[in-house]
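Participant: What follows is a structure written as structure tokens; I'll ask about it next.
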Amino acid sequence: MEINFTHKQSAHCENGVVSNLMRFNGFEVSEPMVFGIGSGLLFSYLPFLKVNHAPVVTYRVMPGFIFNRFAKRVGVKIKREKFKNPKQAQQRLEENLKNNNPVGLQVGVYNLLYFPDEYRFHFNAHNMVVYGKKEDRYLISDPVMEDVTSLSEKELEKVRFAKGAFAPKGHMYYPISFPEKLDLEKAIIKGIKHTCKDMTAPVPIVGVRAIKKIAKLIRKWPAKKGIKTANHYLGQIVRMQEEIGTGGGGFRYIYGAFLQEASKILDNPKLTELSVEITKIGDLWRDFAVDASRIYKNRSAQEDAYNKIASQLEEIAQLEEIFFKKLKKAI
Amino acid sequence: MKKSEVPQDSSSLESANIREMYYAVDENGEYTTELSTGWDPKKIALDNAIQDIKERTEAAKQKVLKNETSPIEYYMELNKMDVGILASYVGIWTWRVKRHFKPSVFKKLSAKTYQKYADIFDITVEQLKHIEN
């Protein structure tokens with residue numbers, strides 16, 4: 001069985017799954033629109049969590065939040081199911097496929113064999129769509145891939161039941177009811193307001209203040225942790241920022257695309273100006289990545305170099321603070 | 001970023017025929033998308049992370065050979081895991097997994113426990129007990 005499903009590549013997996021599932025159900029919503037309405041943009045530092053032996057920063061909201069917020073704001077209902085028993089998880093998946101319903105799945109990356117070895121970490125918040133089964137292989141639309149692919153029953157079970165942080169537990173989801181017409185205007189405004197609130201939150205580990213916090217830590221790392229660890233930590237920040245799925249510049253470019261599209265829908269030229277502004281901020285994030293990579297490439301950088309990139313981050317933090325205050329006023 | 005500036009550096013993505021998608025602006029300032037084969041600053045970060053795992057794995061191997069830890073720690077590093085991830089895969093408390101790192105404790109594990117670890121690492125019990133094989 002094969003469902004007539006159009007695969008369209010996206011930068012980010014969760015946006016892509018939502019956008020592709022919406023298209024299947026007759027609603028054309030772009031990836032940046034899903035990301036913006038779902039308030040996907042963020043900066044956060046998670047001091048209590050370590051991944052690959054380094055502190056975790058994230059440039060986006062928690063897995064699942066984008067779809068939940070998007071659905072709520074445009075009036076779509078989602079059904080989510082998790083399973084203890086892999087056999088039951090497979091059964092429910094096949095029932096949906098038989099009913100001509102493609103579903104989204106949360107999976108772990110480590111056992112996704114179509115990714116290059118270097119990219120296979122124990123990361124459990126990847127998303128894909130299953131849209132059929134042919135000769136015992138599931139037909140897979142992975143939004144970060146140019147083309148569709150397939151997985152055997154065993155391979156799919158492995159990634160659906162990956163373990164560790166954010167273990168998917170067979171997590172399957174799909175939209176079940178839709179409004180007659182999508183009311184994007186109100187949803188866009190809600191999405192923007194939420195992101196502005198997050199980014200300017202008076203909490204030290206979220207938004208602009210978290211960027212400042214990381215800048216401070218970067219200044220301390222070489223003396224406190226040693227060059228090797230400092231570079232390892234720095235490398236992880238850059239990887240999170242430029243990982244596949246960010247669209248470049250820690251999601252700032254996708255957000256720029258969203259503001260440009262939103263400007264047309266809301267007939268608000270200010271949002272076009274702000275789109276240009278966040279694009280420039282995205283460029284600064286890219287510059288930061290370039291300079292950070294120079295440090296960890298040499299493996300024996302001077303303390304001065306760390307101070308320099310910390311100052312770059314502080315500048316970005318300041319610009320984002322101004323940006324999100326302006327954005328809040330613009331809508 | 002301008003569309004023409006989207007980096008096309010070589011990376012391991014090519015071997016898997018993957019190109020990742022960027023959002024960038026065209027000559028008219030309109031946002032569009034462009035595919036990229038890779039970007040050096042990211043490649044260096046990833047290479048370093050892989051190098052770090054290799055070093056950890058090699059260090060664990062030496063410790064096993066010197067009888068300072070059990071092969072479980074070596075296979076854990078080889079599979080890019082940490083204690084938390086491994087514990088969650090085998091379904092054993094973290095502190096008990098850590099105890100299994102002790103060569104003296106490892107020697108006395110039950111056949112069932114050996115099999116559990118071997119299954120997770122996708123190896124035989126023989127390979128689990130003797131890392132040279």
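The values are calculated or read from the model by the stated rules, or taken from the named source; none is laboratory data. Computed from a prediction, not measured in an experiment: that's the story for all the values here. Cβ coordinates were reconstructed from backbone atoms using ideal geometry, including for glycine residues, and neighbour counts include every protein chain displayed.
Participant: Here are A:I254, A:I278, A:I295: which of them is within 12 Å of chain B (Cβ to nearest Cβ), touching a Phe, Trp or Tyr at 6+ places or on another chain (Cβ under 9 Å), over 26 Å from A:V17 (Cα atoms) and assigned to a helix (DSSP H, G or I)?
Facilitator: A:I295
Participant: Only one residue in B:V64, B:V25, B:V90 is among the aliphatic types (A, V, I, L, M), in contact (Cβ under 8 Å) with a residue 60 or more places away in the chain and crowded, with 18+ Cβ neighbours inside 10 Å. Which one?
Facilitator: Exactly one of B:V64, B:V25, B:V90 is among the aliphatic types (A, V, I, L, M), in contact (Cβ under 8 Å) with a residue 60 or more places away in the chain and crowded, with 18+ Cβ neighbours inside 10 Å, namely B:V64.
Participant: Residue under question is A:H171, and the condition is that it be touching a strand residue (DSSP E or B) at 6+ places or on another chain (Cβ under 6 Å), within 14 Å of chain B (Cβ to nearest Cβ) and buried (at least 22 other Cβ atoms within 10 Å of the Cβ); does it hold?
Facilitator: no
Participant: Looking at the stretch A:133-141, can you tell me whether even one residue there is in the same structural domain as A:Q91 (by TED's automatic domain parsing), touching a residue at least 40 places away in the same chain (Cβ under 8 Å) and part of a loop (DSSP other than H, G, I, E, B)?
Facilitator: Within the stretch A:133-141, none of the residues are in the same structural domain as A:Q91 (by TED's automatic domain parsing), touching a residue at least 40 places away in the same chain (Cβ under 8 Å) and part of a loop (DSSP other than H, G, I, E, B).
Participant: Something else now. Select the helices (runs of 4 or more DSSP H) contained entirely in the stretch A:1-99, then report the ones holding at least 3 residues which are under 22 Å from A:L156 (Cβ atoms).
Facilitator: A:13-24, A:86-98
Participant: Tell me which residues, restricted to the stretch B:50-70, are part of a helix (DSSP H, G or I) and either β-branched (V, I, T) or closer than 27 Å to A:R239 by Cα (or both).
Facilitator: The answer is B:I50, B:Q51, B:D52, B:I53, B:K54, B:E55, B:R56, B:T57, B:E58, B:A59, B:A60, B:V64.
So that you can scan it fast, the table gives a plain yes or no per residue for (1) of a type in the set (S, T, Y); (2) crowded, with 20+ Cβ neighbours inside 10 Å; (3) under 15 Å from A:Y233 (Cα atoms); (4) at pLDDT 95 or above:
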site	(1), (2), (3), (4)
A:R299	no, no, yes, no
A:Q302	no, no, no, no
A:F323	no, yes, no, yes
A:K328	no, no, no, yes
A:I331	no, no, no, no
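Participant: Could you please find all residues in the stretch B:22-46 being within 13 Å of B:S12 (Cβ to Cβ) and more than 8 Å from every other protein chain (Cβ to nearest Cβ)?
Facilitator: Listed by number, the residues that qualify are B:T37, B:G38, B:K43.
Participant: Tell me which residues, restricted to the stretch A:257-271, are within 20 Å of A:G207 (Cβ to Cβ) and either at the interface with chain B (Cβ under 7 Å from one of its Cβ atoms) or of a type outside the set (A, V, I, L, M, F, W, C) (or both).
Facilitator: None - no residue of the stretch A:257-271 is within 20 Å of A:G207 (Cβ to Cβ) and either at the interface with chain B (Cβ under 7 Å from one of its Cβ atoms) or of a type outside the set (A, V, I, L, M, F, W, C) (or both), so the list stays empty.
Participant: Run A:G245 past the list (1) under 20 Å from the mean Cα position of the chain (by Cα); (2) within 20 Å of B:P41 (Cβ to Cβ); (3) in a helix (DSSP H, G or I) and report the number of the one that doesn't hold.
Facilitator: (3)
Participant: Which one of the conditions (1) in a loop (DSSP other than H, G, I, E, B); (2) under 25 Å from A:V144 (Cβ atoms); (3) not aliphatic (A, V, I, L, M) does B:N28 fail to meet, given that it meets all the rest?
Facilitator: Only one criterion in (1) in a loop (DSSP other than H, G, I, E, B); (2) under 25 Å from A:V144 (Cβ atoms); (3) not aliphatic (A, V, I, L, M) is unmet by B:N28, namely (2).
Participant: A further question on this structure: For the stretch A:155-196: of the residues being among the β-branched types (V, I, T) and outside any strand (DSSP E or B), which is nearest to A:R92 (Cα to Cα)?
Facilitator: Checked the stretch A:155-196; the qualifying residue nearest to A:R92 (Cα to Cα) is A:V159.
Participant: If you don't mind, there's one more thing I want to ask. Only one of these conditions is not met by A:P143: (1) within 13 Å of another protein chain (Cβ to nearest Cβ); (2) in contact with a strand residue (DSSP E or B) (Cβ under 8 Å, 6 or more places away or on another chain); (3) at pLDDT below 95. Which number is it?
Facilitator: (3)
Participant: Here is a further query. Among (1) surrounded by 20 or more Cβ atoms within 10 Å (Cβ to Cβ); (2) more than 14 Å from chain B (Cβ to nearest Cβ); (3) out of contact with any Cys (no Cβ under 7 Å at 6 or more places or on another chain); (4) not hydroxyl-bearing (S, T, Y), where does A:K193 come up short?
Facilitator: (1)
Participant: Looking at (1) closer than 28 Å to A:F121 by Cα; (2) touching a strand residue (DSSP E or B) at 6+ places or on another chain (Cβ under 6 Å), can you tell me which one A:Q260 breaks?
Facilitator: (1) is the only condition that A:Q260 fails.
Participant: Which of the residues spanning the stretch B:79-101 are in a loop (DSSP other than H, G, I, E, B) and either facing chain A (nearest Cβ under 9 Å) or hydroxyl-bearing (S, T, Y) (or both)?
Facilitator: Across the stretch B:79-101, the qualifying residues are B:N79, B:K80, B:M81, B:D82, B:G91.
Participant: I would also like to ask the following. Suppose the filter is assigned by TED's automatic domain parsing to the domain that holds B:S11 and either within 21 Å of the chain's Cα centre (by Cα) or among the aliphatic types (A, V, I, L, M) (or both); does B:A60 pass it?
Facilitator: no
Participant: Then there's this: Given B:E14, B:E73, which one is within 30 Å of B:I123 (Cα to Cα), more than 7 Å from chain A (Cβ to nearest Cβ), touching a strand residue (DSSP E or B) at 6+ places or on another chain (Cβ under 9 Å) and part of a helix (DSSP H, G or I)?
Facilitator: On inspection, the qualifying residue turns out to be B:E14.
Participant: Also: Identify, from the list B:S70, B:S110, the residue that is more than 28 Å from A:K228 (Cβ to Cβ) and either of a type outside the set (D, E, K, R) or assigned by TED's automatic domain parsing to the domain that holds B:Y22 (or both).
Facilitator: B:S110
Participant: May I ask you to list the residues in the stretch A:217-231 that are more than 14 Å from chain B (Cβ to nearest Cβ) and either within 25 Å of the chain's Cα centre (by Cα) or β-branched (V, I, T) (or both)?
Facilitator: Within the stretch A:217-231, A:L217, A:I218 qualify.
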